[in-house]
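J.: The structure follows.
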Amino acid sequence: SQPTLIAIPLFTFAGFLMAESGTPKRLTRLTHAFLGGLPGGTPLVTLVACAFFTAFTGASGVTIIALGGLLYPMLLQERYSKQYSLGLITASGSLGLLFPPSLPLILYGLIAQVNIDQLFLAGVIPGIFLILIFVAYSSITGYRLKIPLSKFDPEEAVSALKESRWEIPLPFLVLVGIYSGWITVTEAAAVTVVYILFVEAFLYRDIHIIRDVPGIMKKSMILVGSILI
């Protein structure tokens, strides 16, 4: 009676596939190549990367596991305090819950009988507003700590773009598909899983279909069970 519920395990599985592959490293490299030279660059990288990742996994804990190990040492290396770095990573993970395809929004829409597409649109502006607040605070923090700015490297940016060329289209594929009316939220979840599985297993070859996927599926479904309960 609620076919949209199928989107929850599918999007969660897609998020876990990305977390267990090389996506966190590629996403961190890409955002750092373009945003690392700005004031508060590394915190800005943390904000964007964590928000994107949480949107697909539906749980900030997965984001902290997948990206925290990469971003936390980077923040400490640039002389940000441990408290600030931990707070930034954990808070940034929660920001992704406001962006589509947010699993809590899907669940809320089902229970409250609210149009999920409209919920997705409603979360975008508050999400961007919160990110801008975080960006302003991070820039001020970086200025106060006199964090040196790194120069923009065009070669590194192009290289990072090439490396992430198969993952960059994903959010646009989902959003354009949903809001153009071509696919429903549930169908978008299925498309996302198939796309990520193909990219990570056959193009990047970060995960093995037989050796890795069953374990990843099991871990993701444990999270889905806790969400539904």
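None of the figures in this text is laboratory data; all of them are computed from the coordinates on show. All of these numbers come straight from a predicted model, not from anything done at the bench. Ideal geometry is used to build each Cβ from the backbone, glycine not excepted, and the neighbour counts take in all protein chains shown.
J.: Determine, from the Cβ-Cβ distance of Ala136 and Val114 and an R0 of 35 Å, the FRET efficiency 1/(1 + (r/R0)^6), rounded to the nearest 0.05.
T.: 0.65
J.: Are there chymotrypsin sites (Phe, Trp or Tyr not before Pro) in segment 129-173 that DSSP puts in a loop and that have at most 15 other Cβ atoms within 10 Å, and which ones?
T.: The qualifying sites are Phe152.
J.: Roughly what angle does helix 41-57 make with the longest principal axis of the chain, taking Cα atoms, 0 to 90 degrees, to the nearest 10?
T.: Around 10 degrees separate the two axes.
J.: Return the label of the correct value of Kirkwood radius over Cα pairs in Å, as calculated from the structure shown, out of (1) 20.3; (2) 17.6; (3) 18.1.
T.: Answer label, from the structure shown: (3).
J.: Here is a follow-up. Helix 7-20 versus the longest principal axis of the chain: what is the Cα-based angle in degrees, 0 to 90, to the nearest 10?
T.: That helix lies at roughly 40 degrees to the long axis.
J.: Looking at the chain as a GNM with Cα springs under 10 Å, which of Gly215, Gly109, Gly127 has the largest mean-square fluctuation?
T.: It is Gly215.
J.: Same structure again: Kindly state, to the nearest 0.05, the FRET efficiency for Ile6 paired with Tyr84, given R0 = 35 Å and r defined as their beta-carbon distance.
T.: Between Ile6 and Tyr84 the formula returns 0.30.
J.: Right, something else. Would you give the gap between the C-alpha center of segment 99-114 and the C-alpha center of segment 159-209, rounded to a whole Å?
T.: 21
J.: Within the chain, which is the longest segment containing none of the trypsin sites (Lys or Arg not before Pro) that sit in a DSSP loop and have at most 13 other Cβ atoms within 10 Å?
T.: 1-78
J.: Here's another thing I want to ask about it. Going by average Cβ density within 10 Å per residue, which order do the peptides 100-107, 182-189, 69-76, 8-15 take, highest to lowest?
T.: 8-15, 100-107, 182-189, 69-76
J.: On a full-extension model of 0.36 nm per residue, what is the gain between Asp153 and Leu228, subtracting their alpha-carbon distance, rounded to one decimal in nm?
T.: The span from Asp153 to Leu228 would gain 22.5 nm if fully extended.
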